[in-house]
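To start, the structure under review is shown below, and the notes come after it.
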Amino acid sequence: MSRSSPPSRRSWPGRPADRMRKVLAAWGEHLADPHLPRRLTELLTHTGFTVTHRSAIPLFNAGYDSGAFGAGLIGVNAAFIPGRAGVTAADANAWAENLVGLGAGYFFSLSRYLFLASR
């Protein structure tokens with residue numbers, strides 16, 4: 001079982017900062033539990049599983065590359081966030097254009113977590 005970290009752990013240099021916060025809050029609405037990775041060992045143990053392995057799988061994109069994972073998430077986010085957390089379609093488009101326009105200054109980092117458990 002694996003799960004992405006909450007949006008606050010994702011590192012994007014979007015500007016202005018207040019729009020970036022709104023975008024991340026809106027994106028966070030797709031998560032059933034944004035804090036699951038830190039609680040998963042306890043939840044699995046309490047339901048009879050033995051956690052045998054845990055690891056982090058980092059994603060890192062420095063400089064904008066349209067084929068990179070972080071760049072692909074821009075479009076997914078921009079389609080999901082309008083109408084959530086006060087983000088308008090114009091906000092979403094401006095946010096996406098800002099990130100793409102960063103070029104070499106673009107930075108994306110995300111940790112994913114892998115848990116292996118057996119019963």
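At-a-glance table
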read-out	value
Positive-end extreme of charge dipole, the chain - chosen from 98, 74, 118 (charges on Cβ)	118
Two-site label geometry, residue 51 and residue 65: point separation in nm, points 7 Å out along Cα→Cβ	3.2
Distance (nanometres) between label positions extended 7 Å along Cα→Cβ at residue 76 and residue 38	2.3
Solvent-accessible heavy-atom area per residue, rounded to whole Å², over the chain at 1.4 Å	56
Accessible-area composition of the chain, carbon plus sulfur, in percent [1.4 Å probe]	56
The stretch 30-119: relative contact order as a whole-number percent, Cα under 8 Å and 6+ apart	46
Answer label, with Rg and Dmax of the Cα atoms in Å calculated from the coordinates and candidates (i) 16.2, 49; (ii) 12.8, 37; (iii) 15.2, 49	(i)
For peptides 31-40, 68-77, sequence by mean Cβ density within 10 Å, most packed first	68-77, 31-40
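The values are calculated or read from the model by the stated rules, or taken from the named source; none is laboratory data. These numbers were taken from a predicted model, which means no experiment stands behind them. Positions of Cβ are generated from backbone atoms using ideal geometry, with glycine treated the same way; all protein chains shown enter the neighbour counts. Protein only, heavy atoms only, side chains kept; ligands, DNA and RNA dropped before computing areas. Shrake-Rupley method; radii C 1.70, N 1.55, O 1.52, S 1.80 Å.
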